[in-house]
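To start, I am sharing the structure in question, which I have written as structure tokens.
No value in this document is a laboratory result; all are computed from the given coordinates. Since the structure is predicted, the reported quantities are computational estimates derived from the model, not experimental observations. Here the Cβ is made from the backbone with ideal geometry for all residues, glycine too, and neighbour counts use every protein chain on show.
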Amino acid sequence: MTDFSQHVHGSDQLHLAWVYDTATTMTVIWRNCEPSSIPTLAYRAAGDGEWITIQGAHRMTDDRGALEEVTLSGLAPSTRYAYRVRCGEGNWGEVHEFTTGPERDGYAAMDIAYVSDTGLVGRADGLSDGTAQVIQEIARHDPLLVLHGGDFAYFDTDRRFQWLEEAIDYFFNQMVPVASQAPMMPTYGNHELMYVLQERFEPWAERFATPEGSEGRLNYSYDVGQVHFVSICAFEFDDPLPEERLAWVVDDIKKAQAAGRPWIIPVLHVAPFAEGQNHPSNLALRAQLGPVFEELGIRLVLTSHDQSYERTFPLVDVPTANTPTSSSLDEYHPGDGTLWIKVSPGGKRSNINKSFSVFATEEAPHWTAVRSNTFHCFALLHFGDQGDLEVEVLGVTGDGSEPVQVDRFRLLAPAGA
């Protein structure tokens, strides 16, 4: 097993982020074992011969070295770039590649991955038996962007690490195959924000670069082409969002609508619709966000937290009746309502029952379209150049066998596309 806690020359904790314009910039972060050296990166359009060298700044320093940050700007949209980072004087790491986002005008084809509840590879209790394969499969699909829905490390129950920072370093190293080729944008979960679980938000925020947003970057948003993502901090099991946070979410979505963004996708950790026994539905969050998202015309919400896969039909009248507007399992139209999807786990089974979550009822609720609790899952959001969105959910067992298609459905292009 690879020991991800050890320094990997040239790629230690290497990960990408979108802090600024997603079509023309890319932020690159890595740990340098020699903090006295100047953070340096070389890049070029893929296939070109001439490297362009650029310098950056220390993002943070500690007794293990410096976390370096370089932001590339003036890049061409929808373009493949090669890059390499320097660790120490003259020591260049291996070459990696990424692709810039499309321009905001008009639709563009792009694939975006969503994963959550990964945990760390190699737990002594065996609960992270799917993590390595999930990372491998996402990297193989080479998405433009990776959305991580929270619960990254589960430090409180992974006894290999004495300090939280050690577990965080390990997480970023195990994610290098994915995060070195696509920005990995976080949505924080209960394991990053609940002190009772022995974690803190601050060490994660030091390593994750995101737009400013609100509440010290607990919430933030950004555009990728015609898609507006809203990362919402929802980690309480039973409580709604604070009113200040809800007001920020509503204001952010309205601004995106005024800017003409046809796709607006909220991402939050705790699920308003979850019938698993490990982490049941947050009914207060359902009562709060259901009417708000319906009024704002939100069509898809990404969630996680409970260790099983569930997807609703498009719903209206949430939370009173939770009425499906369609009986179709695979295609939905603008105006149908809000579809809630819960994708979990992304590699780690639950500490509660040491497995996938058990559904509370033998028969699924009337609002449930598809559910499964036998695979580690991740989702691929395939945006088409005509405005349609096809969501594919793949499941793995962790034994290296071929992924299984757990679900697939299409949301037709927004009106006027």
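Within 10 Å of each residue's Cβ, count the other Cβ atoms and sort ARG123, ARG159, ARG86 from fewest upward.
ARG159, ARG123, ARG86
Please name whichever of THR303, THR25, THR210 sits farthest to the positive end of the charge dipole of the chain, dipole taken about the Cα centre and charges placed at Cβ: Lys and Arg +1, Asp and Glu -1.
THR25
Quick one: order ILE135, ILE54 by neighbouring beta-carbon count within 10 Å, fewest to most.
Fewest-to-most ranking of ILE135, ILE54: ILE54, ILE135.
So what's the convex hull volume per residue for the Cα atoms of the stretch 15-99, in Å³?
Once divided by residue count, the hull of the stretch 15-99 is 85 Å³.
When DSSP assigns beta bridges and you keep just the ones with both residues in the chain, what percent turn out antiparallel, to the nearest 5?
75
What translational diffusion coefficient, to the nearest whole µm²/s, does the stretch 285-398 have by Stokes-Einstein, given a Kirkwood radius computed over alpha-carbon pairs, a temperature of 25 °C and 0.890 mPa s viscosity?
Taking Rh from Cα pairs, D becomes 163 µm²/s.
Moving to a separate point now. So how many Å³ per residue does the convex hull of the Cα atoms of the chain work out to?
Convex hull volume per residue, Cα atoms: 131 Å³.
Now a separate question. Shape call for the stretch 51-135 from the C-alpha gyration tensor, a ≥ b ≥ c root eigenvalues: rounded (a/c under 1.5), prolate (a/b greater than b/c) or oblate?
Taking the square roots of the gyration eigenvalues as a ≥ b ≥ c, the stretch 51-135 is oblate.
Projected onto the charge dipole of the stretch 265-319 (+1 at Lys/Arg Cβ, -1 at Asp/Glu Cβ, origin at the Cα centre), which of VAL316, LEU283, PHE293 gives the Cα projection farthest towards the positive end?
Of the listed residues, the answer is PHE293.
Hey, another quick one. Any idea what the dipole of the chain comes to, in debye rounded to 20, about its Cα centre with Lys/Arg Cβ at +1 and Asp/Glu Cβ at -1?
Dipole of the chain, to the nearest 20 debye: 240 debye.
Can you put THR100, THR24 in order of Cβ neighbours within 10 angstrom, beginning with the fewest?
THR24, THR100
How would you classify the stretch 115-244 from its alpha-carbon gyration tensor, with a ≥ b ≥ c the square roots of the eigenvalues: rounded for a/c under 1.5, else prolate if a/b is greater than b/c, otherwise oblate?
It comes out oblate by the Cα gyration axes.
Next question. For the stretch 262-352, what is the charge dipole size about the Cα centre, in debye to the nearest 20, if Lys and Arg each add +1 at the Cβ and Asp and Glu each add -1 at the Cβ?
In debye, rounded to 20, the stretch 262-352 gives about 400.
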